[in-house]
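K.L.:
Take a look at this one; I'll ask things after.
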Amino acid sequence: MFEQIKHNMETISGIEIYPILSLLIFFLFFVGLAFWVFSYKKEKIKEMSEIPLNEDLV
């Protein structure tokens with residue numbers, strides 16, 4: 001079954017770009033996510049972590 005899929009993929013011209021694009025999108029997403037996490041303000045994280053303990057909202 002894999003040989004049939006492999007044969008079909010080899011006959012499509014220009015298909016070799018798709019694995020490169022998907023890896024690039026995956027890599028850029030996680031680099032962006034890491035940048036967002038490490039650049040987040042510490043005060044905002046502390047404020048959000050205290051929300052479950054705040055009885056004023058109940």
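K.L.:
Being open to solvent by less than 100 Å² (accessible area, probe 1.4 Å) and either free of Cβ contacts under 8 Å to residues at least 12 places away in the same chain or in contact with a strand residue (DSSP E or B) (Cβ under 7 Å, 6 or more places away or on another chain) (or both) narrows it down to one of Leu24, Leu53, Leu28, so name that one. So that I can check it myself, show each step before the final result.
P.N.:
Working: Leu53 fails: open to solvent by less than 100 Å² (accessible area, probe 1.4 Å); Leu28 fails: open to solvent by less than 100 Å² (accessible area, probe 1.4 Å).
Criteria check complete, one pass: Leu24.
K.L.:
Specify which of the listed residues (Met48, Met9) is surrounded by 10 or more Cβ atoms within 10 Å (Cβ to Cβ) and more than 26 Å from the chain's Cα centre (by Cα).
P.N.:
Sole residue among the options that is surrounded by 10 or more Cβ atoms within 10 Å (Cβ to Cβ) and more than 26 Å from the chain's Cα centre (by Cα): Met9.
The values are calculated or read from the model by the stated rules, or taken from the named source; none is laboratory data. This one's a predicted model, so the numbers in the text were calculated from it and none came from an experiment. Positions of Cβ are generated from backbone atoms using ideal geometry, with glycine treated the same way; all protein chains shown enter the neighbour counts. Heavy atoms of the whole protein, side chains included, go into the accessibility calculation; ligands, DNA and RNA do not. Shrake-Rupley method; radii C 1.70, N 1.55, O 1.52, S 1.80 Å.
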